[in-house]
Amino acid sequence: MTSSASDPVVDGVHASAYTVPTDAPEADGTLAWSSTTMVLVQVQAAGHTGLGWTYGPPACAAVVSDTLAGVVGGRTAMDVGGSFEAMVRAVRNQGRQGIAGYAISAVDVALWDLKARILDQPLYRLFGAQRAEVPVYGSGGFTSYSHDQLRRQLTRWVEAERMPRVKIKIGQSWGSDQGRDLERIAQARKIVGDETELYVDANGAYSRKQAVRVARAAAGEGVVWLEEPVSSDHLEALAEVRAAVDIDIAAGEYGFDLFYFEAMCAAGAVDCLQVDATRCGGMTEWFRAAAVAAAHGLQVSGHCAPHLHAHAAAAIPNMRHLEWFHDHVRIENLLFDGTLPPTGGAVRPDPDAPGLGLTLRTDDAAPYQVA
Ligand SMILES: [Mg+2]
């Protein structure tokens, strides 16, 4: 053990879940949903509370209570890396790739937040800050939106919040409505004007040749980012699409461990690696995934959960941006005090707030609690 007798010890691990209905029906290329669940973890030591979360089923909360609380409870709050490794080892038979991985991620983030609060440091400075502000891009543009809904959302980002980059979903109905995809790309370009970077995300909806055709048409509208044109599980197809087009290809949001990220980078499958700290293993694994990307000469983009990624992204050199995802922004603003404005297309973690700088709004969260 590395701990000293004076170290604060983790003496409380609590998991809860909140299901928040969407503000309108939402769909991408391969899934539709009407609510989103945040599983929140609170860890305690020396009278401080650390917060972490993941977006996943309420079952993640049970993994935290039944398995992980017993693993990290009683350990020093200072050695987050040791706690992370112990959690990974403990879920061997449950399977890290899935609910257990989401649960580990939320606990790891909570432990980092806790340590930063004990040390009275903002988390991005505890990590070792590289920058004071982190670029973000507006993400939404659901395939379920009407033209009017799309216009309202994009206009808010580009005009009211002055975001220089936005992303819409394409690949409607598993790629079976390519005509509408191209029409919506053209509509989006018209709405945001020529100065705004336009991104699209197909969520794995297309076949490979179809993806190349869509990418070439989208390039005509100045699209510069095509996310998951084909399934991100099919690295060979992803690499083929990437080789055939000029648009940047991005993927990685379902990565659960370093082997996944290394395989994706080594296959030449992406121009930018997406990494999600709420899935891959929290902050601890996020930084290691970023190092894998760096070794392949790639930048990293933080996938969703923007207030969780802001601090991590401020502390890696090869950072591109964060996804300012409509759903998660809405939920994080609803459940937390201390959220950040994305004005001008960047967020600046508060240098005077310890940890992630967030506080749970207990009363506002209560009506949505499901576990
Ligand atoms: Mg995506």
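The numbers here are math on the coordinates, done by the rules we state, and not lab data. The shown structure was predicted, so the numbers you read here are calculated from the model rather than taken from an experiment. Positions of Cβ are backbone-derived with ideal geometry, glycine not excepted, and every protein chain shown enters the neighbour counts.
Does ALA291 meet the test of being more than 16 Å from MET38 (Cα to Cα), more than 16 Å from the ligand (Cβ to nearest atom) and either of a type in the set (D, E, K, R) or free of Cβ contacts under 8 Å to residues at least 60 places away in the same chain (or both)? Yes. Mind checking which residues of the stretch 354-363 are surrounded by 13 or more Cβ atoms within 10 Å (Cβ to Cβ) and farther than 19 Å from PRO306 by Cβ? Matches in the stretch 354-363: PRO354 only. Contact map, the stretch 216-228: residues that are part of a loop (DSSP other than H, G, I, E, B) paired with residues that are within 11 Å of the ligand (Cβ to nearest atom), Cβ distance under 6 Å, separation 6+ or inter-chain. Pairs shown: GLU228/ALA202; GLU228/ASN203; GLU228/GLY204; GLU228/ALA251.
This table checks each residue for (1) over 27 Å from PRO354 (Cβ atoms); (2) out of contact with any His (no Cβ under 6 Å at 6 or more places or on another chain); (3) more than 16 Å from the ligand (Cβ to nearest atom); (4) charged (D, E, K, R).
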| position | (1), (2), (3), (4) |
| --- | --- |
| GLY255 | yes, yes, no, no |
| GLU285 | no, yes, yes, yes |
| CYS304 | no, no, no, no |
| ALA310 | no, yes, yes, no |
| ALA313 | no, yes, yes, no |
| MET319 | no, yes, yes, no |
| GLY338 | no, yes, yes, no |
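Could you please find all residues in the stretch 310-353 being crowded, with 20+ Cβ neighbours inside 10 Å and in a loop (DSSP other than H, G, I, E, B)? If the condition is that a residue be crowded, with 20+ Cβ neighbours inside 10 Å and in a loop (DSSP other than H, G, I, E, B), then ALA314, ALA315, ILE316, LEU340, PRO342, GLY345, PRO349 are the ones that fit. Does VAL224 count as more than 15 Å from the ligand (Cβ to nearest atom) and among the aliphatic types (A, V, I, L, M)? Yes: the conditions hold for VAL224.
So that you can scan it fast, the table gives a plain yes or no per residue for (1) under 23 Å from CYS60 (Cβ atoms); (2) surrounded by fewer than 24 Cβ atoms within 10 Å (Cβ to Cβ):
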site	(1), (2)
LEU235	no, yes
LEU238	no, no
ALA244	no, yes
ALA250	no, no
LEU258	yes, yes
MET283	yes, no
PHE287	yes, yes
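No other residue among GLY74, GLY82, GLY95, GLY70 is surrounded by fewer than 24 Cβ atoms within 10 Å (Cβ to Cβ), over 22 Å from the mean Cα position of the chain (by Cα) and at positive phi apart from GLY74. So, in the stretch 175-210, exactly how many residues are part of a loop (DSSP other than H, G, I, E, B), away from the ligand (no atom under 16 Å from the Cβ) and either among the acidic types (Asp, Glu) or under 20 Å from LEU154 (Cβ atoms) (or both)? Total satisfying the criteria: 5. Per this entry, ARG213 is not counted among residues that are within 16 Å of the ligand (Cβ to nearest atom) and part of a helix (DSSP H, G or I). Among residues that are in a loop (DSSP other than H, G, I, E, B), more than 15 Å from the ligand (Cβ to nearest atom) and surrounded by fewer than 16 Cβ atoms within 10 Å (Cβ to Cβ), ARG162 is included.
Beta carbons closer than 7 Å, at least 6 apart along the sequence or on distinct chains, pair a first residue in the stretch 196-214 that is hydroxyl-bearing (Ser, Thr, Tyr) with a second that is in a loop (DSSP other than H, G, I, E, B) and away from the ligand (no atom under 15 Å from the Cβ) for THR196/PRO164. For residues in the stretch 227-253 being away from the ligand (no atom under 16 Å from the Cβ) and in contact with a helix residue (DSSP H, G or I) (Cβ under 8 Å, 6 or more places away or on another chain), which is nearest to ALA106 (Cα to Cα)? Looking at the filtered set, the residue picked out is LEU235.
Residues being part of a loop (DSSP other than H, G, I, E, B) and among the hydrophobic types (A, V, I, L, M, F, W, C): count how many of those fall in the stretch 75-105. Of the residues in that region, 3 qualify.
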